[in-house]
Amino acid sequence: MMTLRYEDAAHRAVAWLLERPRPDDLACYYKSPAVLGLAGHPREARSVRDEAVARFGTADGDFATAEGVKSENAIFTEFWSYPNGWIALAAQRSGRFGVARAAYRHLLGYRAPDGGFRSNRSAEPDVLTTAHIGLVALQLADLGTAGAAGQWLSRFLASGPERGQEFLLRANGSGALQVLSTGKPDQPYFMIGYPMAFLAKLHDATGSAAALAAAEGFADYALRCGENLRSCLFSHKVAWGASLLARTTGAEHYAELATDIAEHLLSLQAPDGSWSPDAADHTTFDDTAEIAHWLLEITAELPARR
């Protein structure tokens, strides 16, 4: 069955993650505890998580490869708070509540007064970070913070972030990291996928009709992005969000979107089980852990299909 193929691909990726020595970079660690735990390797998940906390954790609950350096991957200078959310989620799921709470207290420092979350201390709130930290809040049962994040995303969507051929991703709405250009290839589609998923989960937790409407609003934009969205490595979170909406609403077009993207991701997997094998180590570890994680999540959400 189709979903069993996704699970098989994820487990081959997990085998790759377990076999390879990790370079001393936060980007090679931060997603692995979540996928290792999800894939049925709790001991290994604990080991990687504890090593990440010991190597990269700071006294104030932050994580960094070195003082003032998040990772060799320069994108994390902009999205400084993002790896922390993954570590908090994995720690909470595995029962390391002290680690999760310390990481979460640090993440609350990126919250704006209107309920959105910033990717770094000097940025304006953006849709990816607000959804990501909103999900951490939801998992830690801070429904007030999660609900405020959902309301921020709903207001942002209602404010009309689509501007010609651009979809705004951040409150100040300018710059390469702050817009998604409709019709151009290989856009950062994951930035609209995370709000789809978080808002669907917020609806599941609270019954909020507004949260579900906003999730479908982000999905409607994704569906207008054309065929490239279905054949792009950067669409992994869209597939996850679409699978959650498929389960929540029963709408077949969401299941088809999730399936199309997942099938393309399988086509990009290297023979050794990794994704992005020719990239820098921090990218290979990051992509392999993330895509394996979402394939397992998609497997759990989508009905079995042949």
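Miscellaneous remarks
- Subset of the range 163-211 (residues that are of a type in the set (S, T, N, Q) and either in contact (Cβ under 8 Å) with a residue 40 or more places away in the chain or under 19 Å from Leu138 (Cα atoms) (or both)): Asn172, Gln178, Thr182, Gln187, Thr206, Ser208
- Filter pass, Leu266 being surrounded by fewer than 18 Cβ atoms within 10 Å (Cβ to Cβ) and under 15 Å from the mean Cα position of the chain (by Cα): no
- All conditions in (1) in contact with an Asp or Glu (Cβ under 9 Å, 6 or more places away or on another chain); (2) assigned to a helix (DSSP H, G or I); (3) touching a residue at least 12 places away in the same chain (Cβ under 8 Å); (4) of a type in the set (Ser, Thr, Tyr) hold for Ser274, with the sole exception of (2).
- Contact map, the range 89-103: first residue at negative phi, second residue of a type in the set (Val, Ile, Thr), Cβ cut-off under 7 Å, separation 6 or more or different chains; pairs are Leu89/Val136; Ala91/Val99; Val99/Val53; Ala103/Ile87.
- Residues of the range 145-176 that are closer than 21 Å to Gly115 by Cα and assigned to a loop (DSSP other than H, G, I, E, B): Ser159, Gly160, Pro161, Leu169, Ala171, Asn172, Gly173, Ser174.
- Failed condition for Ser119, given (1) surrounded by fewer than 22 Cβ atoms within 10 Å (Cβ to Cβ); (2) modelled with pLDDT of 95 or more: (1)
- Members of the range 211-259 found to be closer than 20 Å to Leu169 by Cβ and not in a helix (DSSP H, G or I), listed by number: Arg224, Cys225, Gly226, Cys232
Matching residues to (1) touching a helix residue (DSSP H, G or I) at 6+ places or on another chain (Cβ under 7 Å); (2) more than 11 Å from Trp294 (Cα to Cα):
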{"position": "Gly226", "(1), (2)": "no, yes"}
{"position": "Cys232", "(1), (2)": "no, yes"}
{"position": "Trp240", "(1), (2)": "yes, no"}
{"position": "Tyr254", "(1), (2)": "yes, yes"}
{"position": "Asp272", "(1), (2)": "yes, yes"}
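- Among (1) out of contact with any Leu (no Cβ under 8 Å at 6 or more places or on another chain); (2) without any contact (Cβ under 8 Å) to a residue 40 or more places away in the chain; (3) among the hydroxyl-bearing types (Ser, Thr, Tyr); (4) closer than 19 Å to Ala88 by Cβ - the single one Thr129 does not satisfy: (2)
- For the range 94-113, residues that are assigned to a helix (DSSP H, G or I) and in contact with a helix residue (DSSP H, G or I) (Cβ under 6 Å, 6 or more places away or on another chain) total 5.
- Of the candidates Thr249, Thr283, Thr259, Thr288, the single residue that is more than 19 Å from the chain's Cα centre (by Cα), modelled with pLDDT of 95 or more and hydroxyl-bearing (Ser, Thr, Tyr) is Thr249.
- Boolean, Trp240 is within 30 Å of Pro21 (Cβ to Cβ), crowded, with 24+ Cβ neighbours inside 10 Å, at pLDDT 95 or above and over 15 Å from the mean Cα position of the chain (by Cα): no
Conditions tested, residue by residue: (1) touching a residue at least 40 places away in the same chain (Cβ under 8 Å); (2) hydrophobic (A, V, I, L, M, F, W, C); (3) in contact with a strand residue (DSSP E or B) (Cβ under 9 Å, 6 or more places away or on another chain).
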{"position": "Tyr30", "(1), (2), (3)": "yes, no, yes"}
{"position": "Val35", "(1), (2), (3)": "yes, yes, no"}
{"position": "His41", "(1), (2), (3)": "no, no, no"}
{"position": "Arg46", "(1), (2), (3)": "yes, no, no"}
{"position": "Arg49", "(1), (2), (3)": "yes, no, no"}
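- Answer from Arg55, Arg43, Arg49, Arg12 - the residue that is at pLDDT 95 or above, over 21 Å from Gly98 (Cα atoms) and of a type in the set (Lys, Arg): Arg12
- Tyr6 buried (at least 17 other Cβ atoms within 10 Å of the Cβ), touching a residue at least 24 places away in the same chain (Cβ under 8 Å), assigned to a loop (DSSP other than H, G, I, E, B) and within 21 Å of the chain's Cα centre (by Cα): no
The values are calculated or read from the model by the stated rules, or taken from the named source; none is laboratory data. Note that this is a predicted model, so its numbers are computed, not measured. Ideal geometry is used to build each Cβ from the backbone, glycine not excepted, and the neighbour counts take in all protein chains shown.
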